[in-house]
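Below is one structure; the comments refer to it alone.
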Amino acid sequence: MWNRTLISKEISGCGISGIIHKKGKLISGEVIIKSICCQEERGNGLGAGFAAYGIYPGMENFYTLHVMAENSYALELVEELLAHQTFLNYQEPIPTRKVKTIKNPPLFKRYFVRPKFEGELTEICDELAEDNYIVKLVMEINTKIEGAYVISSGKNMGVFKGVGFPDEIAEFFRIEEYKAFIWTGHNRFPTNTPGWWGGAHPFTILDWSIVHNGEISSYGTNKRYLELFGYKCTLLTDTEVVAYILDLLIRRHGLPLKVACLALAPPFWMEIDEMSEERELLTAIRIIYGSAMLNGPFAILFAYNGGLVGLNDRVKLRPLVAAEKGDLVYMASEEAAIRAICPDPDKVWAPKAGEPVIVELEPNTIPNQRSYLKGRPREEDENELRVKCAYTPLFASK
Amino acid sequence: MGTPQFSTFYPDFYIERLENRCIKCKRCVKECTYEAHLWDEKKKILKEDHTKCIGCHRCEAMCPTKAIIIKPHPSQFREHANWTPWFIKNIYKQADQGGVLLTSTGCAVPIKNYFDHLVLDACQVTNPPIDPLREPMELRTYIGSKPSGIEVEEVNGKFRLKKPLPPLIKLEIPVMFAAMSFGAISLHVHQGLARAARDLGTLYNTGEGGLHASLYEYGSNTIVQCASGRFGLHVDYLNAGVAIEIKIGQGAKPGIGGHLPGEKVTEEISKTRMIPVGSDALSPAPHHDIYSIEDLRGLIFALKEATEYKKLVFVKIAAVHNVAAIASGIVRAGADAVVIDGLKGGTGAAPTMFRDYIGIPIELAISAVDKRLREEGLRHMTSIIASGGIRCSADVVKAIALGADAVYIGTAALIAVGCSMCQRCYTGKCPWGIATNNPELIKRLPPEVAYEKIYNLVHAWGHEIKEMLGAMGLNSIESLRGNRDKLRAVGLTKEEMEILEVKHAGEV
Ligand code: SF4
Ligand code: SF4
């Protein structure tokens, strides 16, 4: 049986790397392999993974579930559930290769699905509702089906990860055969050894994927906060928490990406107190999203169908470097990982603490493209409606 | 010879006078408000009446030659594990007088203290500890009801908050001063608390005794209380602070009201409380306009209406068995914060049985309330204030990790101004000039001294909290709130750990 209900949160150090082509040109998997393998010292062979965007052309309108299973029985259970709850368009095993050092890998299969709403004969075309449906489905598989786990669930994207060094995992999943307009990669150095494939990065929810180097000291607070909104943190990893917070803030609360990053790694009060125009917004972010703040050392890269973002903690306790070359933008733990694949970048810089590097594709580059630069209306909170209080302005007198 | 008074036969304390040191200055006679030191004018000697000594240590502290030692009386009853002197003497007292046993401060029975069974975490290697002397470390906390999220709009390329937040209270340190009424404690202590609250960026609470005219200037650091007796309650009072606390119950005496003995009701108190001089101030057990949760909602909104929705309304309850459900009801009734006062919370006067045996420990109550509010999806929209039995800054840290937003301290603040926990506040004779209104006695504690001591205490706790946060790798207190990962239990049962939602030390 998989030891996936780890009794405590995992602790790890890591190397990360990401690339995006702003015009949506596809980049071969070999590039990301080279970059991440150059940071081999940052891992210890206990986990590596890749996220790729744009790898399922022709299937862009289906949520692609990458499912990892301990045995075929678990897969059967997943398929039974999918038959009930989704329109299943296509399924196939994820192509893998035999790798000498990888013993007894789990089974991997991918399913291209659309949600099947109860009582509905046709599909509803409400993006938020569809997304929420898939989130729930993923949570259900992950928490209820023993031995099965969804490692990614976005459209036209997928995650490949497991226990091993990055080159081994790349070989196993035939990463070099994929082409994507965004790639992220991860090389892991866990200090405790769960040795479970699902514990490797990237972590995902829908098309959000996260690779992360660091330890979130606020994990306990973040986890409990997320539970208030129906997220179940089953993996006990910091990264899972980051994925859900992004989903909550950006997708459900409709915050612009930049504002969400400010919630994750906000400035200090002494800086906020000095601000003029932005003071009110930042004060509100800190008060309302205090429990979403990621406290502790981290550098993360997160990607979605349309962009790649790099972010450091509020005092920059982990490395993160960014570089640009034409339409390509690179982000990695080390400059060397960038130079390995882009020897003469136009610009190289180290982003400041808490200052996100946000790179989106040019508008209308890909189907179902998402952009989070602007805010959207917030999803209603039932409880909030029930506990109605009359609000008067905090800053009205100022 | 009348009926023997058994309770006077066996003193609790023994006053030892070192004759070689005593210079017969008679300072002790003056200092002892219980008349335990006597001057025999004829024989020109000092005498002691051990039966009168209540163990406040005032004479010992004030004796210029340190000639006095106060110790437990050496005379002993035959040992009995069940019938300890405490029970025997209480029975004597009641047999003598036929009354309810009265006492002060908080629960004195050694009921398990969960704080003492919880240890904190610190960073090693994988995660760097933060040094608060070199890096910013934030304790700022906002209290009040909050929306679940914010909405942002873009104006001229800049993001702006679309709808302002409701009124909230900013605390620079999540430690506030618990309700202690003017009457129960002296005006000087109130003045000290108010000034300290202002300088520390926190709040003090008037208690149920109204607000003395000299304290209106500290309004933005004041919580005014509305208890069942409604003493000194008028619209200016309600508007004087930043929050109004409806006191439903108190940890030291859940289920009963307050009693300020007439002896403590002096001219000033009578003015502030709006009751005649010398009359007992009795607050009833229930609020007679709150017999149900919907009545509470009525009062919450009546207070909000009276203050034009500018003031927050807190509701304070004693931690009792069903505290979680009650707290959830309070939040739904529209309160901006729930105050939970645990078993060990203090009081100026309470029946001993209530003080010692009614209510549940605050640690369990915080966790239970936090859990319930999370399960109901309400936790992030309200604030929990924990009170009762907070003795040091580590207790504050643990309370917050268990789910509180902020804590109240009462007893700790009084100890800071000299209280020696003699547990006789209800007599009005506090030899330290704290729990008294006797114009001569209150001079023993000037407001400046009270201010300085209280300020120092909380300031020091602030430093310690920052150090502990830094060691845990956190630089902001909100990342500690409800963060059970930072706690481990030592010597607790499975059930206890489940309620506290903590793992045992040694578990990974
Ligand atoms: S009551 Fe206090 S002042 Fe009086 S003798 Fe006892 S310790 Fe001394
Ligand atoms: S406040 Fe005064 S009377 Fe009350 S316990 Fe402290 S020293 Fe004794």
* Which lysines have a Cα lying under 18 Å from the Cα of residue B:264, excluding residues fewer than 8 positions away in the same chain? -> B:429, B:443
* To do: Just round it to a whole percent: the fraction of Cα-Cα distances in region A:129-175 exceeding 17 Å.
  => 49 percent
* What are the ³J(HN,Hα) values, in whole Hz, obtained from phi via the Karplus relation 6.51 cos²θ - 1.76 cosθ + 1.60 with θ = phi - 60°, for each residue of region A:169-181 in sequence order, with x given for Gly and Pro? -> 5, 4, 5, 4, 8, 6, 4, 5, 7, 8, 10, 9, 8
* Structure fact -> When A:298, A:108 are ranked with the fewest other C-beta atoms within 10 Å first, the list becomes A:108, A:298
* Asked: Please state the relative contact order of chain B as a whole percent: Cα pairs under 8 Å, 6+ residues apart?
  -> 19 percent
* Set Lys and Arg Cβ to +1 and Asp and Glu Cβ to -1, take the dipole of the protein assembly as shown about its Cα centre, and tell me which of B:190, B:123, A:299 lies farthest positive. => B:190
* Could you please tell me the mean projected area of the C-alpha convex hull for the protein assembly as shown, averaged over all directions and given in square nanometres to one decimal? => 43.5 nm²
* Asked: Rounded to the nearest 5, what % of the DSSP beta bridges within the protein assembly as shown are antiparallel ones?
  -> 75 percent
* Structure fact -> Over chain A, the quotient of the Cα radius of gyration and 2.2 N^0.38 Å is 0.95
* Scaled to the compact-protein estimate 2.2 N^0.38 Å, what is the alpha-carbon radius of gyration of region B:175-303, rounded to two decimal places? -> 1.01
* For region B:338-420, what is the convex hull volume of its Cα atoms per residue in Å³? -> 92 Å³
* To do: Calculate the mean, over all residues of peptide B:470-480, of how many other protein chain Cβ atoms lie within 10 angstrom of the residue's Cβ.
  => 6
* Asked: Can you give the Kirkwood hydrodynamic radius of chain B from its Cα pairs, in Å with one decimal?
  -> 24.3 Å
* Could you put A:207, B:199, B:341, B:289 in order, starting from the residue whose Cβ has the fewest other Cβ atoms within 10 Å? -> B:289, B:199, A:207, B:341
* Asked: Got the relative contact order for region A:55-134 handy, in percent, Cα pairs under 8 Å and 6 or more residues apart?
  -> 38 percent
* Structure fact -> In terms of the charge dipole of the protein assembly as shown, which places +1 on Lys and Arg and -1 on Asp and Glu at the beta carbon, the residue among B:290, B:211, A:99 farthest towards the positive end is B:211
* Cα-derived Rg over Rh, computed across region B:35-179 with Rh taken as Kirkwood radius -> 1.21
* Summing -39500 (n - 2.57) over the DSSP H runs of n ≥ 4 in chain A and dividing by its residue number, what mean residue ellipticity at 222 nm do you reach, to the nearest 500 deg cm²/dmol? -> -7000 deg cm²/dmol
* **region A:10-111 - percent relative contact order, Cα under 8 Å, separation 6 or more** => 28 percent
* **Quotient of Cα Rg and 2.2 N^0.38 Å for region A:201-317, N being how many residues it contains** => 1.01
* Going by C-beta contacts inside 10 Å, put B:176, B:137 in order with the fewest on the left. => B:137, B:176
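Laboratory data are not the source of any read-out in this text; all were calculated from the coordinates shown. A quick note: this is a predicted structure, and the numbers were derived from the prediction, not measured. With ideal geometry, Cβ positions are generated from the backbone for all residues, glycine too; neighbour counts draw on all protein chains shown.
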